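The structure appears below as structure tokens.
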Amino acid sequence: MTDTALTTENLAVTYTGNREVEALKGVSLEFPANQLTAIIGPSGCGKSTLLKSLNRLHEIQPNVEITGDVLLRDRSVYNTDEPVPELRKRIGYVPQKPTPLPLSIYENVAYGLKIHGRCDSKDELDERVETYLRKVNLWDEVKDRLDAPGAELSTGQIQRLCLARSLAVEPEVLLCDEVTSALDPISAETVEETLADLKEEYTIIMVTHSMDQAKRLADEVVFLYLGDLIETNDTRSFFENPQHERTQQFVTGHTAVEYTESSEESGADSETVPAER
Amino acid sequence: MEGSTDTAASEGRSRLGRRLLTERLSSYWLQGAGYFAIALFAFIVLALLYQSLPLLSEYSLVQVLASSNWNPAENEFGFLPAIVGTIYVTALTMVMGTPIAILAAIYIAEYAEGRTKTLVSSFIDVLAAIPSVIFGLVALIVVVPFVGDYLAPALGSGATGTGIFTVSLVMAIVVTPFMISLAVESLEALPDELRESSLGVGATKWETIRIVLLRAAGPGIFSAVLLGFGRVFGATIVPAMLIGGQTQLPSSPFSTGQTLPTLIVNDFGELMSIPLTQSALIFVGLMLVVIVWLFNFSAMLLRRWLQQRWQY
Amino acid sequence: MDRYAKQRLFGLLARGSAALVVAVMVLVVSVTIFRGGRVLLTDPAIAVTPPGSRYMLEGDGGFLHAVLGSLFIVVPATIASATLAVSTAIYLQSDYSSERFSDVVNMFLNVLWGTPPIVYGVFILTVIIAVGAQTSLFFGIIAIGIFQYPIMTRYTDEALRSAPDTVREATYGLGGTRFETALMTLRAAMPGIIAGIIMGFARGIGDAATVLFTAGRSTRMPAGLFEPSTTLPVLIFDQAMSFNAEVRSHAYAASFVLIVAVLGLIIVSKLLAGRYARFAPGGRNS
């Protein structure tokens with residue numbers, strides 16, 4: 001029915017620091033185009049690692065080894081002569097922590113456009129900046145102070161600014177790493193609404209620790225556990241009719257014991273105990 | 001506790017009394033120490049000012065600052081040559097040192113990894129700890145012949161090797177390590193999300209560094225450069241060894257000259273014989289303090305503004 | 001130029017700059033070590049021989065007077081200055097003073113930190129003139145101590161600030177007084193403080209401008225607290241300007257001694273910081 005935007009082929013990531021940690025153990029997945037796929041699973045199970053390895057962002061950390069491949073449409077992400085920034089232009093990334101660049105609101109959105117030389121004139125740039133700020137429902141809130149530092153906005157506004165910044169370079173795929181977890185409930189809701197609007201046009205892959213958020217937003221759900229892919233399905237079937245035992249436990253919230261046990265070695269925090277209800 | 005009358009309780013009370021006494025006495029001492037920095041600064045300024053008065057009562061401030069004639073034996077006290085020399089040396093040093101320092105800091109913070117990184121940063125630490133007199137000594141047999149025999153003739157100047165350019169080159173070597181360690185510190189304090197955000201929209205590493213990281217670390221790097229500036233400006237030993245010590249307005253970067261601190265060093269022999277010289281040289285000390293103070297103050301304001309402007 | 005070429009170019013420039021700085025450091029240290037080492041190897045006695053009567057002219061005898069002078073000036077100066085610096089830093093913490101006050105003091109410390117050492121030298125000289133004394137070991141100690149004070153205070157202040165609040169809370173929780181709590185915080189911040197004190201010591205032993213006019217620039221063995229003396233950096237400065245090749249060669253030998261001392265201090269500071277790190281909750285924080 002839908003075509004595939006991104007494919008991972010036996011993707012495995014190992015951190016080779018002081019202690020060797022297999023963060024991802026050979027995951028093969030297909031991410032459908034123009035849909036929102038949620039990656040869920042307990043903390044420290046490799047969600048963020050999977051997300052960052054899709055556009056090679058994990059490479060800024062030392063001591064990471066990777067095998068397998070990722071295909072964007074039909075082109076390899078890893079075995080290519082194309083410079084990495086060209087790839088990241090097509091697969092954008094929004095970090096978990098709302099992070100304004102040390103620039104004004106306007107320049108934050110214009111940043112990607114400028115470095116990629118997308119706009120020839122100042123008018124065109126103005127227009128694009130407005131378009132994308134509108135797209136994330138931020139324009140009305142900031143149109144009078146575009147020259148103010150981005151950091152002066154509230155965290156919810158900043159997160160939408162980050163979305164606008166990423167969208168401005170027109171990526172085919174947008175990677176979102178728990179983009180609502182650092183926000184208060186009301187801002188989180190606004191960001192969620194924005195994401196729901198955006199999934200019509202973009203392929204969005206989102207990491208979340210909230211089962212409810214996945215239910216509300218996602219078309220597809222991917223469930224990871226300790227670096228293994230356990231199950232992937234469309235949202236409805238995933239929650240109503242989980243195939244795997246582990247998924248059942250996770251969805252119904254009965255994995256708390258095992259979760260604590262396993263999180264101890266990865267040093268994971270306890271803030272994200274899955275599914276309280 | 002109030003009701004018990006046995007010895008243990010009274011012993012406990014006297015111990016508590018001793019502890020409270022210690023607390024009281026120590027707090028007097030600490031309070032004194034707390035005010036020491038302010039008192040010291042005030043004392044330095046007042047002492048220097050008091051001893052500069054003899055000169056300032058004879059000549060006006062404008063007179064001594066604008067006159068280029070320095071000849072204590074004839075009662076001529078013009079500081080202009082030394083002031084120009086100081087500005088010359090400071091400017092040249094910063095022009096040579098700052099770009100290298102920032103680039104090297106970028107290498108250490110953003111490019112180097114693992115053992116290379118540890119090695120290079122400990123080399124920089126060592127370089128920062130070497131006494132400046134040693135730089136002066138090594139420069140006498142390495143830099144002076146190089147400038148005198150090759151560089152100055154190549155640029156059409158018949159210099160001997162000692163002079164303003166030589167001092168600037170050596171001072172650039174002396175101050176870069178300080179600037180590097182401070183700049184590295186402020187770059188490394190930046191959160192990884194900044195890098196990820198910028199790379200995540202397809203920026204190259206260099207674009208990320210230039211547009212995002214250098215700005216975010218801007219206030220810190222700015223302080224680093226200022227620290228370097230202050231050290232060059234007040235440097236004494238290296239200029240005294242290498243500048244040639246002639247109190248004249250410098251005509252080219254290779255000519256000999258004088259900076260404010262070297263004026264003090266070179267003319268102190270005459271101090272006891274001519275009364276006003278003493279006052280004049282102490283006045284130089286006062287100038288140095290006042291300029292450092294003005295500089296620090298304006299730097300503080302500018303840094304606050306940068307922090308506000310380039311927050312992340 | 002396209003953006004990838006630019007990225008490569010600046011990557012190379014950054015690498016090159018770092019390589020240049022490292023190369024310069026290797027050059028300076030090896031020239032000092034080799035030249036000084038050669039002089040010291042041919043005549044090791046000069047480092048432990050008192051100077052002859054015409055030492056600065058003909059280089060007879062050795063420079064023991066400067067080695068001892070450095071020790072006699074910098075060790076007491078560091079002890080006195082460190083005591084004062086640690087006390088100031090304790091007073092600047094929130095238990096003793098308001099944020100406003102510590103901001104003001106920190107501003108003055110910044111100014112003092114940036115004040116050129118020559119100014120301290122001139123300042124002490126005005127004191128010497130005012131009290132009608134002569135330049136001596138004693139005033140050298142005062143000058144170096146004042147010079148070290150802002151350096152050590154800043155390091156100590158930073159170390160105390162980065163000590164975890166839990167130490168303070170725990171000591172207060174046991175009924176400790178303010179002073180007892182301060183001592184415990186001091187213990188927790190020890191690695192940073194030690195590093196700061198050694199840093200101050202290293203800066204003090206290497207500085208010439210502060211002692212140039214205050215310690216006396218003497219060419220004899222230090223004879224007493226109120227007698228003229230000299231230090232290694234001042235001696236090197238004087239030797240380097242000499243017309244006698246023998247005296248100039250002694251400058252390299254003296255530099256060898258000085259650079260070995262300074263490098264030794266850095267290593268000791270790193271080792272000590274590692275040792276004391278056991279008392280600092282959360283490992284090293286300096």
With the alpha-carbon atoms as the only input, what is the per residue convex hull volume for the stretch A:4-266 in Å³? 132 Å³
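Cut-off is 10 Å between beta-carbons; in what order do B:PHE222, B:PHE165 appear when sorted fewest neighbours first?
Working: B:PHE222 19, B:PHE165 27.
Neighbour counts put them in this order, fewest first: B:PHE222, B:PHE165.
Take C:ASP165, C:ASP238, C:ASP157 and order them by how many other Cβ atoms sit within 10 Å, fewest up front. Numbers along the way, then the final one.
Values: C:ASP165 9, C:ASP238 18, C:ASP157 26.
Starting with the residue having the fewest Cβ neighbours, the order is C:ASP165, C:ASP238, C:ASP157.
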Quick one: the Cα spread of the stretch B:148-228 along its three principal axes, in angstroms, biggest first? 55, 26, 13
Percent antiparallel among DSSP beta bridges confined to the protein assembly as shown, nearest 5, equals 60 percent
Using the charge dipole of the stretch A:32-93 (Lys, Arg: +1 at Cβ; Asp, Glu: -1 at Cβ; taken about the Cα centre), state which of A:CYS45, A:LEU87, A:ASN34 has its Cα farthest towards the positive end. A:ASN34
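Can you give the calculated 222 nm mean residue ellipticity of chain C, where each DSSP H run of n ≥ 4 adds -39,500 (n - 2.57) and the sum is split over every residue, rounded to the nearest 500 deg cm²/dmol?
Dividing the helical sum by the residues of chain C leaves -25000 deg cm²/dmol.
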Hey, if you put +1 on the Cβ of every Lys and Arg and -1 on every Asp and Glu Cβ in the stretch B:65-309, which of B:ALA112, B:ALA128, B:VAL289 ends up farthest toward the positive end of that dipole? B:ALA112
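Rounded to whole Å and ordered largest first, report the semi-axes of the equivalent ellipsoid of the stretch B:7-58 derived from its Cα gyration tensor (root of 5λ).
Details: eigenvalues 488, 10, 3 Å².
Listed largest to smallest, the semi-axes of the stretch B:7-58 are 49, 7, 4 Å.
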Hey, what did the stretch A:4-266 get for relative contact order, percent, Cα under 8 Å, at least 6 apart? 27 percent
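How big is the charge dipole of the protein assembly as shown about its Cα centre, in debye rounded to the nearest 20, if each Lys and Arg gets +1 on its Cβ and each Asp and Glu gets -1 on its Cβ?
Working: 63 positive and 85 negative charges, 616 e Å.
Charge dipole, the protein assembly as shown, about its Cα centre: 2960 debye, nearest 20.
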Student exercise, chain A dipole from Lys, Arg, Asp, Glu Cβ charges, in Debye to nearest 20: 340 debye
Quick shape summary for chain C, equivalent ellipsoid via Cα gyration tensor, semi-axes whole Å in descending order, reads 38, 29, 18
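Taking a ≥ b ≥ c as the square roots of the Cα gyration tensor eigenvalues, with a/c under 1.5 meaning rounded and otherwise prolate when a/b beats b/c, else oblate, which class fits the stretch A:85-127? Numbers along the way, then the final one.
Values: a/c = 2.79, a/b = 1.28, b/c = 2.18.
Oblate, because a/c is 1.5 or more while a/b does not exceed b/c.
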From largest to smallest, what semi-axes in whole angstrom does the stretch B:38-141 give when each is the square root of 5 times an eigenvalue of its alpha carbon gyration tensor? 42, 19, 14
Please report how far the C-alpha centroid of the stretch C:188-267 lies from that of the stretch C:99-125, rounded to the nearest whole angstrom. 23 Å
For the pair C:ALA23 and C:ARG161, what calculated FRET efficiency results from E = 1/(1 + (r/R0)^6), where r is the Cβ-Cβ distance and R0 = 41 Å, to the nearest 0.05? 0.65
Would you work out which of A:PRO185, A:GLY253, A:LEU113 lies farthest towards the positive end of the dipole of the stretch A:4-266, given +1 charges on the beta-carbon of Lys and Arg and -1 on that of Asp and Glu, about the Cα centre? A:LEU113
Calculate the spin-label point distance for B:ASN69 paired with C:PHE243, positioning each point 7 Å from the Cα along the beta-carbon direction, and give it in nanometres. 3.1 nm
Between A:ASP228 and C:GLU99, how high is the FRET efficiency from 1/(1 + (r/R0)^6) when r is the Cβ-Cβ distance and R₀ = 56 Å? Nearest 0.05. 0.60
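For the stretch A:101-249, what is the convex hull (Cα atoms) projected area averaged across all directions, in square nanometres? Could the numbers behind the result be given before it?
Details: hull surface 40.0 nm².
Average projection, Cα convex hull of the stretch A:101-249: 10.0 nm².
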How far apart, in nm, are two points set 7 Å out from the Cα along the Cα-to-Cβ line at C:ARG3 and at A:LYS122? 2.2 nm
Compute the distance in nm between two label points, each set 7 Å from the Cα along the Cα-to-Cβ direction, one at B:GLN246 and one at A:THR16. 6.3 nm
How big is the dipole moment of the stretch C:44-279 about its Cα centre under a simple scheme where the beta carbon of each Lys and Arg is +1, that of each Asp and Glu is -1, and everything else is neutral? Debye, nearest 20, please. 260 debye
Can you give the log10 of the normalised intensity I(q)/I(0) at q = 0.07, 0.09, 0.11, 0.14 Å⁻¹, computed with Debye over equal Cα scatterers of chain B? -0.43, -0.64, -0.85, -1.13
When the Cα centres of the stretch B:125-203 and the stretch A:92-144 are compared, how far apart do they sit, in Å? 39 Å
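Going down the list A:LYS199/B:LYS205; A:LYS143/B:LYS205; A:LYS47/A:LYS114; A:LYS114/A:LYS135; A:LYS143/A:LYS199; A:LYS52/B:LYS205, which pairs span over 21 Å between their C-alpha atoms? Walk me through the intermediate numbers first.
Details: A:LYS199/B:LYS205 29 Å; A:LYS143/B:LYS205 31 Å; A:LYS47/A:LYS114 31 Å; A:LYS114/A:LYS135 19 Å; A:LYS143/A:LYS199 25 Å; A:LYS52/B:LYS205 17 Å.
Beyond 21 Å: A:LYS199/B:LYS205; A:LYS143/B:LYS205; A:LYS47/A:LYS114; A:LYS143/A:LYS199.
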Taking every alpha carbon pair in the protein assembly as shown and sorting the distances into 10 angstrom bins from 0 up to the bin holding the longest one, the percent per bin comes out as 2, 11, 18, 19, 17, 14, 11, 6, 2, 0, 0
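Every read-out reported here was derived from the displayed coordinates using simple, explicitly stated rules and does not represent laboratory data. What you see is a predicted model; the values in this text were computed from it and never measured. As a convention, Cβ positions derive from the backbone with ideal geometry for all residues, glycine included, and neighbour counts pool all protein chains shown.
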